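Contents: one structure, followed by commentary.
The values are calculated or read from the model by the stated rules, or taken from the named source; none is laboratory data. Here the structure is a predicted model, which means the values were calculated and not measured. Reconstructed Cβ throughout: ideal geometry from the backbone, glycine too, with neighbour counts over all protein chains shown.
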Amino acid sequence: MFRRFALIGSCCLLAAIVAVAVAAEDTALRDLRVRWEAATKAIQDMTIEQEMKSGQAGQDMTMQIKLQRKGVKFRSESQIQGTTTVTISDGTDYWMVTPAGPQKLPMAPQQPDPTNWQNLPENAHIAGRETVGDRACHIVEFEAPHGTTTRMWVDQESPTPVKVESKTSPGITTTILFSDFRKVYQDYEMPFKCEMSINTKTNSVRGVLDVLQATITTKSIKVNSGLDDKLFDAKAAGPAAVPTMPTAPKQN
């Protein structure tokens, strides 16, 4: 009888400890959200210009990227080898601007923006703590509707992401490491460099194969420049320009 009561008491104590731990983790996540909202409250719009260099097996490519955000609206322009790709979100739907006109995308981009806490799924939770570089971080874990499991290392003192790791399918992991943090508006800081790698586990002999590496360098960030709402209207964007191929020189 005593053992039974002792066992019940131990279980109750363990349940109480777990409940306190869960409450503490919920408080930590809520605190991070509050910090992010406070830091970005005065930011009405933002324009980010970046350069991405990527490649594999010596085949390097350079892409120019322009990101614009106004509230929940978003616009992305990327240019590579003379071809520009434009993606627009009006806050509800996502569109891709093509030579045939704007085409509505069937779903939102798969990877949530780690710098926008409004996009985190409701199942986000604190999964642990770890130090990345010289920053003590909370590990925020969540699963997107399409099944991607993401772990995000966030500075405990700010809502700044330091590292993101996403598993899209068994054996495939995307890792993004942020660095060169700078304040862009009051105390709100953002990374000006990120290194991305996509690794796939091939077999027990070859181990992990690095299939892609990319480095994104932020060239400039402008805050509250008064972006026009038409930038986020896919219909106003019209059809995309058809890229022209270079003309071959005439043979004499």
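General remarks:
- If the condition is being within 22 Å of Thr173 (Cβ to Cβ) and either out of contact with any His (no Cβ under 8 Å at 6 or more places or on another chain) or modelled with pLDDT of 85 or more (or both), then region 92-114 contributes Ala108, Pro109, Gln111, Pro112, Asp113, Pro114.
- Tallying residues that are without any contact (Cβ under 8 Å) to a residue 24 or more places away in the chain and charged (D, E, K, R) within region 183-198 yields 2.
- Test set (1) at pLDDT 85 or above; (2) over 14 Å from the mean Cα position of the chain (by Cα) - Ile172 fails condition number: (1)
- Restricting attention to region 41-71, the residues that are surrounded by fewer than 13 Cβ atoms within 10 Å (Cβ to Cβ) and basic (Lys, Arg) total 1.
- Test: residue in region 26-42 that is modelled with pLDDT of 85 or more and either under 25 Å from the mean Cα position of the chain (by Cα) or not in a strand (DSSP E or B) (or both): yes
- Within region 72-86, tally of residues that are surrounded by fewer than 17 Cβ atoms within 10 Å (Cβ to Cβ) and not aliphatic (A, V, I, L, M): 7
- Qualifying residue in region 127-138 (condition: modelled with pLDDT of 90 or more and hydroxyl-bearing (Ser, Thr, Tyr)): yes
- Test: residue in region 153-164 that is touching a Ser or Thr at 6+ places or on another chain (Cβ under 6 Å) and at pLDDT 80 or above: no
- Where a residue in region 125-143 is more than 14 Å from Glu157 (Cβ to Cβ) and its partner, wherever it lies, is of a type in the set (Asp, Glu) and not in a strand (DSSP E or B), with Cβ under 7 Å and at least six apart: His125/Glu25; Ile126/Glu25
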